[in-house]
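Input: a single structure, listed below in structure tokens.
The values are calculated or read from the model by the stated rules, or taken from the named source; none is laboratory data. The structure displayed is predicted, hence computed values, not measured ones. So basically every Cβ, Gly included, is an ideal-geometry build from the backbone, and we count neighbours across all protein chains shown.
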Amino acid sequence: MSAVKISIIGAGSAAFSLRLVSDLCKAKKLEGSMISLMDIDEGRLNAIYNLATKFVNEVGGNVRFEKTTDLERSVMDSDFVINTALVGGHRWMEENRKAGEKHGYYRGIDTQEFNMVSDYNTFTNYYQLKFFLDVARLIEKVAPNAWLLQTANPVFEGTTLIARETNIKVAGFCHGHHGVIRLVKALGIDPKDVDWQVAGFNHAIWLNRFKYRGENAYPLLDKWIEENASNWRPTNPFDDQLSPAAIDMYRFYGMLPVGDTVRNGSWKYHYDLETKKKWFGEPWGGADSELGWAWYNENLKIMTSIIADIAADPNLKILSIETYERLFEKYGLPKEMLSEAIEFVNPSEMSGEQHIPFINAIVNDEEQRLVLNIMNKGEIIKGIPEDVVVEVPVIVDKNGIRPEKIDPPLSKRVVKFYLYPRMVRMEMALEAFLTGDRKVLEEVLVRDPRTKSFEQVQAVIDEILDLPFNEEMKKHYRN
């Protein structure tokens, strides 16, 4: 057994933190490990500390905790640092978005072609990128041998920035590849007989290999499309893996977009709410429309209340399904969401998050196949520069991370028409952040199809920089 110290930054995101605690309790070779829960919100921090302690007591796990609002204390001497923090929270994001919409930029200026996800800001996220670098440089100082597991968005920009600007060990984490599991389930085939591979950038991955019992499985998808696509309806705003948008992208690019990639298509799918409804289904128009995102935020508030109730009431058991049934009824949540809410209740199955399997593989040499964001060294994806982070399947063990050979390669259309322009947006975002050159932000918007004049560009940037919480960002972009 090997005990380690794991720092979770932004631990007040209770559902995510509980998944990690649950997974750690199931990793028997990591018994005795300590999780340092760090958050600047003391109320949320206390809640997750109480919940985590309660969970471990219920399962009889051997995990220790500390809680702190001091970032350096949490990171100090850690073996692994998981950064899941969102600086300013959703409130700052929404204020920036409102300012953008006021000047004609539907869903805000961060909504850009091939990057439509509502909490994946790349141009109004000065504070987020600065925090990423601050954490990485703190690791260099007080925990130089630690791995940084970069989980907070934007993972593509953030992991690339950290890998270029620091010397720490870093990998980006996301679970978008779970879209393959949803696809396999929809096709009704046994996942044990499926050989799959995805590749691309974070929120921009494609199903390059898809075999069932050794044979190409794409014909099974074609058959499903022919027989079922016309009857498809979303069960929630995030149910889009087989949406009209996904199928249309598949037909154009020659490979299926996976996970959040479906949300990140061209303007064809995103001009306005009615367009979104056409491609992502009624009634929401996908997760990133004003309706879909409102649905998400409302349910997030309710889930936060449920977690607070469990933390405060000693009579409510975390591992009891009855607890969630009771609270779902109290808050009027649909029963269909129960399985997602109580995924960590299962004492035998891992949550699906990759962090603890990664840590266990590194520490105890238990080989794992994961999908991670790492530098494209050796041109893992052909045609992409080596100093750009790519999301690919890897093998992890005590020797570190070994990327799989991407076979077959991504289609030319995926690389040239999708990944290239997405990579340019990333480079512009990092150039703007690193130089403080406002002209880069202006150039991004000049190229935006929603822009009608340069005066509009200047006005929207001024409006965003004049928001009270953006004072530091305004000074940064004085150039």
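Worth a mention:
- Selection within the range 425-466 - of a type in the set (Lys, Arg), surrounded by fewer than 17 Cβ atoms within 10 Å (Cβ to Cβ) and closer than 23 Å to residue 154 by Cα: 439, 447
- Filter pass, residue 407 being surrounded by fewer than 14 Cβ atoms within 10 Å (Cβ to Cβ), under 23 Å from the mean Cα position of the chain (by Cα) and in contact (Cβ under 8 Å) with a residue 24 or more places away in the chain: no
- Count - residues of the range 437-479 that are under 15 Å from residue 112 (Cβ atoms) and in contact with a His (Cβ under 8 Å, 6 or more places away or on another chain): 1
- As for the range 306-313, it holds at least one residue that is under 30 Å from residue 107 (Cβ atoms) and either part of a loop (DSSP other than H, G, I, E, B) or within 22 Å of the chain's Cα centre (by Cα) (or both).
- Residue 298, sole failed condition from (1) farther than 19 Å from residue 19 by Cβ; (2) touching a residue at least 12 places away in the same chain (Cβ under 8 Å); (3) outside any loop (DSSP other than H, G, I, E, B): (2)
- Residue that is surrounded by the fewest Cβ atoms within 10 Å (Cβ to Cβ) [pool: residues in the range 56-90 that are under 25 Å from the mean Cα position of the chain (by Cα) and modelled with pLDDT under 95]: 89
- For the range 213-229, the set of residues classified as within 28 Å of the chain's Cα centre (by Cα) and either basic (Lys, Arg) or not in a helix (DSSP H, G or I) (or both) consists of 217 only.
- Residues considered: 145, 153, 167. Of these, the only one that is on the phi < 0 side of the Ramachandran plot, under 12 Å from the mean Cα position of the chain (by Cα) and in a loop (DSSP other than H, G, I, E, B) is 153.
- Any hit, the range 273-287, residues being over 18 Å from the mean Cα position of the chain (by Cα) and on the phi > 0 side of the Ramachandran plot: yes
- Of the candidates 87, 135, 75, the single residue that is farther than 25 Å from residue 203 by Cα and aliphatic (A, V, I, L, M) is 75.
- Within the range 1-34, the set of residues being β-branched (Val, Ile, Thr) and over 25 Å from residue 315 (Cα atoms) comprises 4, 6, 8, 9.
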